[in-house]
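The values are calculated or read from the model by the stated rules, or taken from the named source; none is laboratory data. What you are looking at is a predicted structure, and each value in this text was computed from that prediction instead of being measured. Here the Cβ positions follow ideal geometry from the backbone for every residue, glycine too, while neighbour counts run over all protein chains shown.
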Amino acid sequence: MNIHRNLGLAGLATATLIAIAPVMAAAQQTESKLYEVIERGHLIFGTGSTNVPWHFVDEKNELAGFDVDMGKILARALFDDETKIEYIRQAPDARIPNLLTNKTDFTCQFMTINTARAQKVEFTLPYYREGVAMILNKKGPYPDRASIDKALADGKKIRVAVLQNADVEDTVHDVIEGVEIDQYEEQGLVFEALDTGRADGGIVDLSNVLWLSKKFPERYAHGGDGEKASSYGCAVKPGDQVWLNFINTALREAMNGRDFDVYAASFEEWFGVRPPAPKIGFPIENR
Amino acid sequence: MNYHFNWKVIVEDWDKLMWGLLLGLEIAFGAIIIGLVIGLVLAFASHARQFWIRAAVKVYVTFLRNQPPLLLLFFAYFVLPRMGIRIDRVESVVLALGLYAGAQLTEVFRASLANIPKGIREAGLAIGLTPVRTNTLVVLPVMFRNAIPALGNSFISLFKDTSLAAGIAVAELTWQARKISTDTFAVLESWIAACVIYVVACMIIAQLLLALERKLKIP
């Protein structure tokens, strides 16, 4: 009799534990975008679509680029499936508003990490270090840097096109002084201005200049670099450390750990050079 | 909402917003003048005896009224230089919006013209005025007075359309608001300020036009 009673009590206790376990787990689990995304089954990823080699629409009419690959790294980390992404194409000035209004879970869109932005969003680890350069139209009146410098020395008005962005005047002056600056809302319009002669040069990311002058050598020339480097980071809405930690884990392991090959392949595809492999032993990111 | 408003940046850059507003009003004014001239000429031309003139007017109006103004703007700014026609940025906006307004106002004036009683024209001719002087001294003032409400709406619409000029880096109000937003990351403050300025400006313009309409009304 005692055995039967004890077995019954044990069974009842087990059944009770099984019944309340999900409730206990839910009560203990912190609220985070991470769990919301996992439950949803796909990532809502904000990025652009008009800027090679970062984010653009390829011949297959699909989004491609280094920023897009960062989104895929995260989707793989979450779901082991890089296709579990809903892309939100956004203009640069929508990066922060879309995060703050929960239209996107996170954004990678060649976003320069700076302290003013860091007051509005939280940045991940940097995934690229960018420079600034001038791109010139070989079919225009100033096909190389020497001709622009001569024009400036002769007192001619030189106009450069640039994406409207924070501290853009400083960015331009890092590359070239004494020019007039036209600030466009889209990177595509910067190149339109250069191609149609509305601007004598374009101040864009060094990665853009390297890509375009390699892909279209008859059309574009590299007109000199700036000295300052900018870190690009992905960004999330502030206040969710769990989500930020997860993304940083995924990015760190892609740049320095077991997922390095994926990151390196993307880096090589878009920038033409393979980053150095992490050395076994001392973690490189601690140096 | 986890957002901290900082209206100080709007106060500090208020002068930039006002300069942008002023530029927008100047562009709208320039465009409406071009539109007025085109509209008046084509409204009369639409009643020409020659078929080819009436057809040309119809083609112009149909083509331009069915274009998004932004497309016309890009055409004026980016395409014309490739055809050897190079005009400055602000002039490109004025031209594009002026041509667009011209198409709209052609229809406004054409309708106004159609509503003028025949007797008015006949009276002009009866007192010895030539057809041209009858049109300019008798028909035009009446037509214009009738068209003022629609003209007012067109001007307000044109003024709002000047925000498209931000797309080609013209530093009007929308461009200035975006500049403040990108420099300070005060996204909500910049766009709320721009919205309020547009609303207040349009309301003031509407009241001024209403006053003009009342002044020109025949008692």
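Structural remarks
- Among residues of region A:188-213 being within 11 Å of another protein chain (Cβ to nearest Cβ) and charged (D, E, K, R), the one that is surrounded by the most Cβ atoms within 10 Å (Cβ to Cβ) is A:Arg198.
- Scan region A:217-235 for residues that are under 25 Å from A:Pro92 (Cα atoms) and either assigned to a loop (DSSP other than H, G, I, E, B) or not hydroxyl-bearing (Ser, Thr, Tyr) (or both) and the total you get is 11.
- Scanning region A:165-185 for residues that are facing chain B (nearest Cβ under 8 Å) and touching a residue at least 40 places away in the same chain (Cβ under 8 Å), we see that the one that is farthest from A:Gln90 (Cα to Cα) is A:Asp167.
- Cross-chain or 6+ apart pairs with Cβ under 9 Å, region B:32-54 first and free of Cβ contacts under 8 Å to residues at least 40 places away in the same chain, then crowded, with 16+ Cβ neighbours inside 10 Å and outside any helix (DSSP H, G or I): B:Ile53/B:Ser46; B:Arg54/B:Ser46
- Given (1) out of contact with any Gly (no Cβ under 8 Å at 6 or more places or on another chain); (2) buried (at least 16 other Cβ atoms within 10 Å of the Cβ); (3) closer than 16 Å to B:Ala31 by Cα; (4) without any contact (Cβ under 8 Å) to a residue 60 or more places away in the chain, index of the condition B:Phe155 fails: (4)
- With respect to (1) closer than 25 Å to B:Tyr3 by Cβ; (2) in a helix (DSSP H, G or I), the lone exception for A:Glu86 is condition (2).
- Any chance A:Ala193 is touching a helix residue (DSSP H, G or I) at 6+ places or on another chain (Cβ under 9 Å), aliphatic (A, V, I, L, M), without any contact (Cβ under 8 Å) to a residue 60 or more places away in the chain and farther than 21 Å from A:Arg129 by Cβ: yes
- Filter pass, B:Val170 being in contact with a helix residue (DSSP H, G or I) (Cβ under 9 Å, 6 or more places away or on another chain), touching a residue at least 40 places away in the same chain (Cβ under 8 Å) and within 14 Å of chain A (Cβ to nearest Cβ): yes
- Residue count for region B:38-53, restricted to those that are surrounded by fewer than 14 Cβ atoms within 10 Å (Cβ to Cβ) and part of a helix (DSSP H, G or I): 2.
- Filter result (touching a residue at least 24 places away in the same chain (Cβ under 8 Å) and either in the same structural domain as A:Leu210 (by TED's automatic domain parsing) or part of a helix (DSSP H, G or I) (or both)) within region A:273-287: A:Ile284, A:Glu285
- Test: residue in region A:62-70 that is assigned to a loop (DSSP other than H, G, I, E, B) and closer than 21 Å to A:Phe271 by Cα: yes
- Candidates A:Phe246, A:Phe267: the one that is part of a helix (DSSP H, G or I), touching a Leu at 6+ places or on another chain (Cβ under 6 Å) and either in the same structural domain as A:Met70 (by TED's automatic domain parsing) or at pLDDT 95 or above (or both) is A:Phe246.
- Residue-level analysis places A:Val190 among those that are in contact with a Leu (Cβ under 7 Å, 6 or more places away or on another chain) and hydrophobic (A, V, I, L, M, F, W, C).
- Single residue of region A:120-145 satisfying the filter (out of contact with any Ser or Thr (no Cβ under 8 Å at 6 or more places or on another chain) and within 14 Å of chain B (Cβ to nearest Cβ)) that is nearest to A:Pro53 (Cα to Cα): A:Asn137
- Those helices (runs of 4 or more DSSP H) of region B:115-219 in which 2 or more residues are closer than 29 Å to B:Glu91 by Cα and more than 21 Å from the chain's Cα centre (by Cα) occupy B:173-184, B:187-216.
- In region A:93-119, the qualifying residues are those that are within 17 Å of A:Asp167 (Cα to Cα) and in a loop (DSSP other than H, G, I, E, B), and the one that is nearest to the other protein chains (Cβ to nearest Cβ) is A:Ala116.
- Test: residue in region A:122-135 that is touching a Pro at 6+ places or on another chain (Cβ under 6 Å) and either outside any loop (DSSP other than H, G, I, E, B) or assigned by TED's automatic domain parsing to the domain that holds A:Ser213 (or both): yes
- Residues of region B:1-37 that are among the charged types (D, E, K, R) and either surrounded by 15 or more Cβ atoms within 10 Å (Cβ to Cβ) or over 15 Å from B:Leu158 (Cα atoms) (or both): B:Lys8, B:Glu12, B:Asp13, B:Asp15, B:Lys16.
- If the condition is being more than 16 Å from B:Trp175 (Cα to Cα) and either surrounded by fewer than 20 Cβ atoms within 10 Å (Cβ to Cβ) or modelled with pLDDT under 90 (or both), then region A:177-187 contributes A:Glu177, A:Gly178, A:Glu180.
- Filter pass, A:Ser231 being in contact (Cβ under 8 Å) with a residue 40 or more places away in the chain, more than 11 Å from every other protein chain (Cβ to nearest Cβ) and in contact with a Pro (Cβ under 9 Å, 6 or more places away or on another chain): yes
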